[in-house]
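The values are calculated or read from the model by the stated rules, or taken from the named source; none is laboratory data. Note that the structure is predicted; figures quoted are calculated from it, not measured. When we count neighbours, we look across all protein chains shown, and the Cβ atoms used for this are built from the backbone with ideal geometry, even at glycine.
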Amino acid sequence: MATEYSILKFKNMTELSHGVVDFALTNADAFIKHGSTHVYTPMSLISSTCEYSLDLSKVLLLTSNRWTRLVRLYLTHEQLNLFVTRIKRVLRMGRKLHAVSLRFSDLQPEDTDDLIQHPWGSCLTSLVYCLKLNNLILQSRTTRIGYTSFIDIALAHVILRDIIIPITGTSLESTSFHWQIASPQISDIYSMSYIYTQPKWYNVIIRKKLTGTEPKIWRELRRNFKFAISGKAKFGYSKRLSKSLDKVNKSVPLSSLNLECL
């Protein structure tokens, strides 16, 4: 098990979103495994800019409904209005050394189909914007690398694009991004859609014959994927994935994602 705090640096949000999956898949043996989930030590992910390219359908086989669900789970109009007020106050008072925070909703444990959702609290905790440094900091309790990680980054990007930039006049290119994750994890079930859409990983993990020397998660992903496409899955994510593979979802580019669904 890795004992150090991992610090990974990238050029932009796009490279960060894919780079952290590469890191997780090639270092999975350093994760502690709990069922289908592999939990890692804290990570600090840094990108020089907030430029981001994403299509939820092409990368994760998701529709815009997944974005709407995330936004409504973690944000309210009151939270966003308070965030805007704080930014404007700092600018008006000329105190750019200050940092302003947006605290996400504190989700309570919820029983769903014999599973407890959010038993240890919200996955996303807060977003902090440092005006002087022009730095956006996302703080998370956890994230599913290769699945919700892409949408979490998208949320930070959209808040910067649609709220912070119009007020401050900054830009995606000049704003750096820092994501602190206390307990990152990767699932050998929920990351299957990403593996399927990425030729690099699909060819290595699904198509190529494994030798047995690969990280254990590769073998688990291969087994779970073959089970999902066999048609034997009766419920859960494997069942939803098998349905997604048979249809072409409407493109869901990052440019179409906004906060108007609140």
Q. Quick check, is I195 in contact with a Gly (Cβ under 9 Å, 6 or more places away or on another chain) and without any contact (Cβ under 8 Å) to a residue 60 or more places away in the chain?
A. yes
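Residue-by-condition table, conditions (1) among the aliphatic types (A, V, I, L, M); (2) without any contact (Cβ under 8 Å) to a residue 40 or more places away in the chain:
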| residue | (1), (2) |
| --- | --- |
| L155 | yes, no |
| I165 | yes, yes |
| S176 | no, no |
| S187 | no, no |
| Y190 | no, no |
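To keep it simple, each residue is scored yes or no on (1) surrounded by fewer than 24 Cβ atoms within 10 Å (Cβ to Cβ); (2) at pLDDT below 95; (3) not acidic (D, E).
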residue	(1), (2), (3)
T143	no, no, yes
S149	no, no, yes
I159	yes, no, yes
D162	yes, no, no
T168	yes, no, yes
S171	yes, no, yes
S176	yes, no, yes
W179	no, no, yes
Y190	yes, yes, yes
Q.
among the hydroxyl-bearing types (S, T, Y) and modelled with pLDDT under 95: is that true of S122 in this structure?
A. yes
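For the stretch 16-32, check the following and say yes or no: at least one residue is assigned to a strand (DSSP E or B) and not charged (D, E, K, R).
Looking through the stretch 16-32, at least one residue is assigned to a strand (DSSP E or B) and not charged (D, E, K, R).
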Q | Within the stretch 49-69, considering residues that are part of a loop (DSSP other than H, G, I, E, B) and out of contact with any strand residue (DSSP E or B) (no Cβ under 6 Å at 6 or more places or on another chain), the one surrounded by the most Cβ atoms within 10 Å (Cβ to Cβ) | A | Y52
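Which residue, of R86, R72, is in a helix (DSSP H, G or I) and crowded, with 16+ Cβ neighbours inside 10 Å?
R86
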Q | Given (1) within 15 Å of the chain's Cα centre (by Cα); (2) at pLDDT below 95; (3) farther than 20 Å from S193 by Cα, index of the condition S47 fails | A | (2)
